[in-house]
1. Once you have the Cα-Cα distance between ALA66 and LYS51, take 0.36 nm times their residue separation minus that, and quote the gain in nm to one decimal.
2. Cut-off under 21 Å on the C-alpha distance; same-chain residues fewer than 8 positions from LYS115 excluded. Which lysines are left, in chain and number order?
3. Determine ³J(HN,Hα), in whole Hz, for all residues of the range 90-96 in sequence, where each value follows from phi through the Karplus function 6.51 cos²θ - 1.76 cosθ + 1.60 and θ = phi - 60°; x replaces Gly and Pro.
4. Most exposed first by the Cβ proxy, i.e. fewest other Cβ within 10 Å, how do TYR96, TYR113 rank?
5. Can you pull the one-decimal nm distance between simple spin-label points at VAL75 and LYS88, each 7 Å off the Cα toward Cβ?
Amino acid sequence: MSKTLVAFFLIGVVSFSANGQTTRDVEVKPSAPVYQATKKKSGFSFAKLFKKKKTNTRKLPYEQKAEFEKRMKAVAKQKEEEARMARKPEYSNKLYFGHKRPPKKRKVGKKKYCKICEFAH
């Protein structure tokens, strides 16, 4: 009788220890929300001594219009420059593969690896 009792005890201990910890039973509670509303520290600081005071930077309507027209002219000039560059054969012709001049067409055994377009030609 004592052997069977010891056997049941061992089986119970082994099954209890094997089933003791599982990750599925653990419930994770979400952390409490952290709000960024904090009170500013008041007191002396060197940054306040050397800080520039803000001046009135509001502009009149005709000044705003002039700046807008200046920006639009600059954008138009940049787009015209890009269009002129796109007309060049090194950008428009697909045989150039991004080179300034079209690459040489070598025989199969003498092809070289190109660093620019990353394949052999």
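1. Once the chain is fully extended between ALA66 and LYS51, it gains 2.3 nm.
2. Once the sequence-local lysines are set aside, what remains near LYS115 is LYS94, LYS100, LYS104, LYS105, LYS107.
3. Ordered by residue, 3J(HN,Hα) equals 5, 9, 8, 8, 6, 6, 7 Hz.
4. Ordered from fewest to most neighbouring Cβ atoms within 10 Å, TYR96, TYR113 come out as TYR113, TYR96.
5. Placing both labels 7 Å along Cα→Cβ, they lie 2.6 nm apart.
Readers should treat all values here as calculations from the given coordinates under stated rules, not as data from a laboratory. What you see is a predicted model, and the numbers here were worked out from it, not measured in a lab. Note: ideal-geometry Cβ built from the backbone for every residue, glycine included; neighbour counts use all protein chains shown.
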